[in-house]
Every structure is written in C-alpha cells, then in structure tokens.
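S.K.: I have a structure here, written as structure tokens, and I will follow up with some questions on it.
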Amino acid sequence: MTKALSTVVLVAFLTAALAAVSLLANRQGYPQGALGLRRLDDIATAATFIPLAAVYSFSALLLMVLPMRAAAFVFYNATEAVFWTIVALFGTIAGVLIARAAFGQVSVLWALADWRFGLTLAVVACHFVLNELGRSPLLRVIGFAAFLAATLLCLFWSFRF
C-alpha cells in the first residue's frame, strides 16, 4: 500500500509540475502551453477508469478459475499491469487538478467527486485482498461471482447506446 500511495503522490507531483508549466506558458501567450494542457486534459478524465476496471475485473475473474501457474502468469502480466496503470492514471488526474487549482481554478477539484473515481478505490481495495480470495474454494466462488458482476457492469457502463 505504501508503494501504491508513494506512486500516486510522485506521479501527481510530476504531472502537477508539467501542468503548471503548461498553464504558465499559456498565460504568457505561447501556444505550446495550451496544446500540452489540452493533451493532459484529454488523458485526465474519470471515464478512462471504466474500461480499465473492466479489464482488471476480468483478469481477477480469471485468477479465480485458473490453475496456479496460469493464474500467476495472468496476475503478473495482466492484473498487476492494469493495477499500476490505474494508480498512475489517478495520479495524473490528481496532478492536473491540483495544478489548475493552484492557478486559481479551485472549482475543478469538484471533478474528484465523480462516481467513476470510486472504481479506482474499488480496484485498489480488490488488489490488496486478491491474495486472500484464492485461499479457499468458497472465497474463490464468491470472488468469481463478484468479479463477473463487476466486469459486466463496467462493460455495460463503458459502451454508449
């Protein structure tokens, strides 16, 4: 947990510094500042978490049914990678919002109240209890059902009709 928290803080700090430079360049009239800030804003949306949460839930679902060697392969090559992607993306979003708030746009901090950021907390919580879910057959079945429901819900919310 300390590693994940320090990663979020570091990524948020670096992104805040980059966004602050972009905001400062934009105030001075340089078009590169607006371009850099627009690119950071395109990345920093809460809607990005829904497909990532679906992929994470599906990989965790596979962990519940696969044998040990295959589950280890999926864990290290899919589940861990998606988890760290979500952590870095949340740090990026927090950094952009902090930089905007530092430059006078305090109302942008309300963007953190979006319900889709709850998916980040859910993925982090699941990642820390994932090892415990594989210990007994009953917990594996409960984990399978929960991750199947989470995958289907995330897929339902990520596609627009």
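S.K.: Report the one residue of Ala16, Leu119, Ala54 whose Cα lies farthest in the direction of the positive end of the charge dipole of segment 9-132 (charges on C-beta: Lys and Arg +1, Asp and Glu -1; origin at the Cα centre).
M.R.: Result: Ala16, furthest along the dipole toward the positive end.
S.K.: For the chain, give the percent of accessible area contributed by carbon and sulfur heavy atoms, probe 1.4 Å, rounded to a whole number. Before the final figure, lay out the partial values.
M.R.: Values: 7050 of 9680 Å².
The nonpolar share, carbon plus sulfur, comes to 73 percent.
S.K.: Another question, if that's okay. Considering just Cα atoms, how many Å³ per residue does the convex hull of segment 93-161 enclose?
M.R.: 96 Å³
S.K.: Keeping all protein chains in place, calculate the accessible area per residue for the chain (probe 1.4 angstrom), answer in Å².
M.R.: On the way: 9680 Å² over 161 residues.
Result: 60 Å² of accessible area for each residue.
S.K.: At 25 °C and 0.890 mPa s, grab the translational diffusion coefficient of the chain from Stokes-Einstein with a Kirkwood Rh over Cα pairs, rounded to a whole number in µm² per second.
M.R.: Details: Rh = 17.1 Å.
The calculation lands on 144 µm²/s.
S.K.: Further question: Quick one: Cα convex hull volume of segment 1-70, Å³ per residue? Kindly include the intermediate steps, with their values, before the conclusion.
M.R.: Values: hull volume 8.1 nm³, N = 70.
For segment 1-70, the hull spanned by Cα atoms encloses 115 Å³ per residue.
S.K.: As a check on your grasp of the helix formula, calculate [θ] at 222 nm for the chain: sum -39500 (n - 2.57) over DSSP H runs of n ≥ 4, divide by the residue count, round to the nearest 500. Intermediate values should be presented prior to the final figure.
M.R.: Details: 7 runs with 125 residues, N = 161.
That calculation yields -26500 deg cm²/dmol at 222 nm.
S.K.: Also: For Ala145 and Asp114, what does the FRET efficiency come to when R0 = 30 Å and r is the distance between their Cβ atoms, rounded to the nearest 0.05? Write down the numbers at each step before the final one.
M.R.: On the way: r = 27 Å, r/R0 = 0.90.
Result of the calculation: an efficiency of 0.65.
S.K.: Still on this structure, I have one more. Please give the charge dipole size of the chain, origin at the Cα centre, charges +1 on K and R Cβ atoms and -1 on D and E Cβ atoms. Round to the nearest 20 debye. Display every interim value, and only then the final one.
M.R.: Working: 10 positive and 5 negative charges, 14 e Å.
Using only the charged Cβ atoms, the result is roughly 60 debye.
The values are calculated or read from the model by the stated rules, or taken from the named source; none is laboratory data. Computed from a predicted structure; not experimentally measured. Using ideal geometry, Cβ is built from the backbone for each residue, glycine included, and neighbour counts are taken over all protein chains shown. Note: accessible area is taken over every heavy atom of the protein model, side chains too, but ligands, DNA and RNA are not part of it. Shrake-Rupley method; radii C 1.70, N 1.55, O 1.52, S 1.80 Å.
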